[in-house]
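Enquirer: Take this structure, written in structure tokens, and hold onto it; I'll ask about it next.
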Amino acid sequence: MHWLSIINASIFLWLCVGIALRRRHMLHATMMTLGFAFDIALLLYVEFSSAAIEQTVAKPGPLLLVHVLLATVMLALYPFVIYSGGRVLAGSDRTRHRRLALPFMVARLLVVVTAFMVAR
Ligand code: HEM
């Protein structure tokens with residue numbers, strides 16, 4: 001059972017619902033910030049438990065490297081997307097927030113896909 005990948009996919013779905021609710025500004029902001037908290041919690045769990053190691057293939061291959069790289073890109077983009085969202089809330093134009101959100105969500109989706117691929 002790839003339960004870590006299922007939690008990972010659930011956070012992605014949570015973020016998708018948050019985007020679908022973007023017109024309700026405070027709800028959107030809360031859901032996306034919570035999504036960040038969920039992702040950090042998952043990352044810390046994976047880092048400090050043996051669960052991820054037990055669920056991945058014995059020998060780390062290029063796919064695992066791609067997965068870790070994508071997760072790093074995704075985490076690096078989070079503060080920028082959240083900050084730009086705060087700017088939109090304060091009255092700025094949405095363009096920058098949208099331009100950051102697109103690569104972020106693509107990276108987030110690819111993290112889900114590669115998580116299922118590296119899991120046994
Ligand atoms: C991972 C974090 C986030 C993602 C991926 C994300 C994504 C998006 C997307 C795709 C849009 C639509 C942009 C458009 O139609 O031009 C949007 C709109 C918006 N976001 Fe975010 N967002 C995130 C976090 C936040 C946060 C933390 C805030 C506030 C503190 C925020 C505030 C807003 C606002 C005010 C809008 C405009 C909604 C509207 O009236 O159409 N976002 N967001």
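The values are calculated or read from the model by the stated rules, or taken from the named source; none is laboratory data. These numbers come from a predicted model, not from an experiment. Methodologically, a virtual Cβ is constructed for each residue, glycine included, from the backbone with ideal geometry; neighbour enumeration extends over all protein chains shown.
Enquirer: Right, M1: of a type outside the set (S, T, N, Q) and modelled with pLDDT under 95 or not?
Expert: Details: of a type outside the set (S, T, N, Q): yes; modelled with pLDDT under 95: yes.
So M1 passes the test.
Enquirer: Now for a different question. Tell me which residues, restricted to region 63-93, are within 14 Å of the ligand (Cβ to nearest atom) and either β-branched (V, I, T) or at positive phi (or both).
Expert: Across region 63-93, the qualifying residues are V73, V81, I82, V88, G91.
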